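K.L.:
Before I ask anything, let me first share the structure, which is written out below as structure tokens.
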Amino acid sequence: MPKIRASAVTRSFGRGPRTVAALGPLDLDVDPGEFVCVVGPSGCGKSTLLRIAAGLLRPSSGALELRTDATHPAAMIFQDYGIYDWKTVLANVRFGLDVQRAPRKEADARAAAWLAKLGLADFADAYPAALSGGMRQRVAIARALAVEPEILLMDEPFAALDAQLRTILQDELLALTQATSATTLFITHSLEEALVLGDRVLVMSARPGRVIAERRTPFARPRTGDVRSDPRFTALKDELWELLRGEVGRRAPDAGPAPASGEGAAA
């Protein structure tokens, strides 16, 4: 059975003549342990889909289920890190374990172990203001993985980083997720990122976002970032761009005026 199942999910924002149809109808299955990447033009509802999966939004119609028996089945990583400025790095990574009321000694040990895996052991007592953007995103990843989630939801976690650092963190995330059994739904604008990380890539239409194509990546696991130099990588990237090109910049004629700010403008 799939870990994530979306059935005819839609989401609209606003009321009356200012209603914006942001998403759907959309159907989606993600199998246990699968890493699925979703790409699409800005404003197509990618982030809205992820927030529905995380329970932060309700669908306007349809249903999205996370199929797990765990009390806290999913962890989410946001674009803007989502870590707390007033907590130390260790306390940030431990936060989810504190919410789960894990014993402090165990929580500290698990948090410290994930900091070590992500090269942050020397910064356990530092505060986020002392960290670079890449280090902050490593803290966010460590916090998510420390709770050992069955499902990992990631909303363009590397979007704010420069190209070189983004490549490094892609490779680090690839190694980390291959060492766990987490099922991952990953939102990105980057076709390269989707092909490096994903087992399957879904292409969404312009708003209201629907899945218009899917492709399985031809690279066996375990894999490394070296797949970027594989001729199949370039060919598949070009194919996906041709599918996506016609959707970029297109708006549905019945979508109504987009809201000036807020969730209705989510990617």
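Bear in mind these aren't lab numbers, they're just calculated from the coordinates by the rules spelled out. Quick caveat, the model's predicted, so the values are computed rather than measured. Counting neighbours? That spans all protein chains shown, and the Cβs are built from the backbone with ideal geometry, glycine included.
K.L.:
How large is ³J(HN,Hα) for each residue in the stretch 7-16, as worked out from phi by the Karplus curve 6.51 cos²θ - 1.76 cosθ + 1.60 (θ = phi - 60°), to whole Hz, x for Gly and Pro?
P.N.:
Coupling constants for the stretch 7-16: 10, 6, 6, 10, 8, 10, 10, x, 9, x Hz.
K.L.:
Separate question: Mind pulling up the Rg/Rh value for the stretch 86-158? Radius of gyration and Kirkwood radius, both on Cα.
P.N.:
Taking Rh as the inverse mean 1/r over Cα pairs, Rg/Rh reads 0.94.
K.L.:
So which lysines can residue 237 reach, going by Cα to Cα under 25 Å and dropping same-chain residues fewer than 8 places off?
P.N.:
46
K.L.:
For the chain, find the longest principal axis of its Cα atoms and tell me its angle to the long axis of helix 163-178, 0 to 90°, nearest 10.
P.N.:
The helix 163-178 is inclined about 80 degrees to the chain.
K.L.:
What is the angle, in °, between the Cα long axis of helix 104-117 and the longest principal axis of the Cα atoms in the chain? Nearest 10 is fine, range 0 to 90.
P.N.:
Orientation of helix 104-117: about 70 degrees from the principal axis.
K.L.:
Which ³J(HN,Hα) values in Hz, rounded to whole numbers, follow from the phi angles of the stretch 50-56 under the Karplus curve 6.51 cos²θ - 1.76 cosθ + 1.60, where θ = phi - 60° and Gly and Pro get x?
P.N.:
Each residue's phi maps through the Karplus curve to give 5, 5, 5, 4, 7, x, 8 Hz.
K.L.:
Would you calculate the separation in nanometres between label points at residue 164 and residue 216, each defined as 7 Å from the Cα along the Cα-to-beta-carbon direction?
P.N.:
3.8 nm
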